[in-house]
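Participant: One structure, as structure tokens, below. Some questions next.
The values are calculated or read from the model by the stated rules, or taken from the named source; none is laboratory data. A quick note: this is a predicted structure, and the numbers were derived from the prediction, not measured. Ideal geometry is used to build each Cβ from the backbone, glycine not excepted, and the neighbour counts take in all protein chains shown.
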Amino acid sequence: MEQIRHFMGSALEASTADAKRSIDKSLAFRGPQTFVKIHIGPGNKKESFMLQKSLICFHSPVFDRAFNGSFLEGQTQEMTMEDVEVEIFHLLVTWMYCGEIREVLDRNMAINMAKLWVLAGRFLIPKLQNQAIKHIGNPDYLGSAITIGTISVHKGTLARQIVGEFVQYVANEVDPESPLYRYCVRTILSNCILEMGSTSQEKVSKGRLQIGLALEEVMGKSMMTDLVKSLMETLEGQIKDIKLTALDMESYFVLET
């Protein structure tokens with residue numbers, strides 16, 4: 001991980017113009033191609049990916065600096081990352097080659113997209129981050145059974161478990177100032193409003209208790225505090241009149257350069 005931070009620092013130090021020139025030079029599909037080997041996962045769970053160098057360096061300035069610089073990876077044309085999940089890295093590689101996220105529609109979709117968002121940020125690929133967070137918030141793509149933004153945080157055992165896994169991951173692994181963290185807080189808040197928006201004050205109090213108990217099981221203290229602040233600010237004086245609008249996913253996008 002420290003090694004990747006070093007590559008990221010080096011990549012960020014380059015000017016936008018220099019980075020674009022370096023990447024453009026490396027993107028060449030005609031003629032002989034160079035491949036690099038990237039080892040993913042720990043110990044006997046490790047898998048190796050043989051990847052087209054020009055392609056991955058085009059998409060990621062981190063790979064560009066690592067394989068085209070004076071680092072060990074530039075000499076060996078190999079990289080090892082034991083802390084990265086094979087399944088998530090495979091999603092990243094597939095996106096690089098296909099230009100779209102290809103994921104099986106199952107109960108792991110939301111948390112896998114969150115992990116992909118984090119991994120894309122690690123390699124400075126904002127376009128992939130934005131596609132990943134858009135997938136998390138798209139009910140037409142994910143299906144109502146596992147879409148974080150459209151299910152109740154305490155209604156249904158499976159839904160509750162899926163939300164819990166997603167929230168726990170974001171709370172533990174994601175920067176509180178990041179768009180993904182803010183999206184997580186905002187979508188849980190939306191579910192709270194759905195539960196309480198049209199009820200009487202007495203029912204609202206019971207609803208708050210139920211939601212609070214559910215969230216205590218799945219949220220860290222920091223995110224819980226953020227949620228409570230947002231919830232109280234949103235609901236203050238407008239419990240009966242509040243209307244939930246669709247989330248504007250672009251407001252949670254990372255700036256693409």
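Participant: Residues in segment 94-105: is at least one under 13 Å from the mean Cα position of the chain (by Cα) and either farther than 16 Å from P179 by Cα or in the same structural domain as Y181 (by TED's automatic domain parsing) (or both)?
Facilitator: Restricting attention to segment 94-105, the residues satisfying the condition of being under 13 Å from the mean Cα position of the chain (by Cα) are 101.
From what's left, either farther than 16 Å from P179 by Cα or in the same structural domain as Y181 (by TED's automatic domain parsing) (or both): 101.
Looking through segment 94-105, at least one residue is under 13 Å from the mean Cα position of the chain (by Cα) and either farther than 16 Å from P179 by Cα or in the same structural domain as Y181 (by TED's automatic domain parsing) (or both).
Quick grid of which residues meet (1) surrounded by fewer than 21 Cβ atoms within 10 Å (Cβ to Cβ); (2) among the β-branched types (V, I, T):
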residue	(1), (2)
F63	no, no
A66	no, no
S70	yes, no
T80	yes, yes
D83	yes, no
C98	yes, no
